[in-house]
Amino acid sequence: MPGHPLSSRRILIVDDVPAFCQELRGVLKPHCASVTLCRSPLRALRLLRQQSFDLLITTLVMKELGGFELIRRSRGQGSRIPIVMITGYGNEKTAIEAVRL
């Protein structure tokens, strides 16, 4: 949809649950230039070095590498991409840590 705030944006979604990734992509795709799905946080770090994204959406709990560690490593490699973290396992402590990162 031209004129939508996301219409020219490139979004990277990182989660190891394929159904969640597909559902989120379905919601965002009509409004974005590009939505890339990545089931591996380690691969996502490589993608962030190789390509330009406007937003990273990740979950907190993943088998290969947790969302906090993904954020720490992406920041450590110089990425300043805005990040949205989604979780069903959060509490006040995890919310504070997510904002701090």
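The values are calculated or read from the model by the stated rules, or taken from the named source; none is laboratory data. Nothing here was measured: the structure is a model prediction, and the numbers come from that model. Neighbour counts run over all protein chains shown; Cβ positions are idealised from the backbone, glycine included. Only protein heavy atoms, including side chains, enter the accessible area calculation; ligands, DNA and RNA are left aside. Shrake-Rupley method; radii C 1.70, N 1.55, O 1.52, S 1.80 Å.
Among the residues making up region 68-101, those that are part of a helix (DSSP H, G or I) and more than 20 Å from residue 43 (Cβ to Cβ) are 92, 93, 94, 95, 96, 97, 98, 99, 100. Just one residue in the set 47, 56 is more than 23 Å from residue 100 (Cβ to Cβ) and not in a loop (DSSP other than H, G, I, E, B); that residue is 47. Contact map, region 36-47: first residue closer than 14 Å to residue 78 by Cα, second residue assigned to a helix (DSSP H, G or I) and open to solvent by less than 10 Å² (accessible area, probe 1.4 Å), Cβ cut-off under 6 Å, separation 6 or more or different chains; the map is empty.
For residue 37, the requirement of being of a type in the set (A, V, I, L, M) and in contact with a helix residue (DSSP H, G or I) (Cβ under 6 Å, 6 or more places away or on another chain) is met. A residue that is touching a Gly at 6+ places or on another chain (Cβ under 6 Å), closer than 24 Å to residue 100 by Cβ, among the hydrophobic types (A, V, I, L, M, F, W, C) and not in a loop (DSSP other than H, G, I, E, B) cannot be found anywhere in region 3-26.
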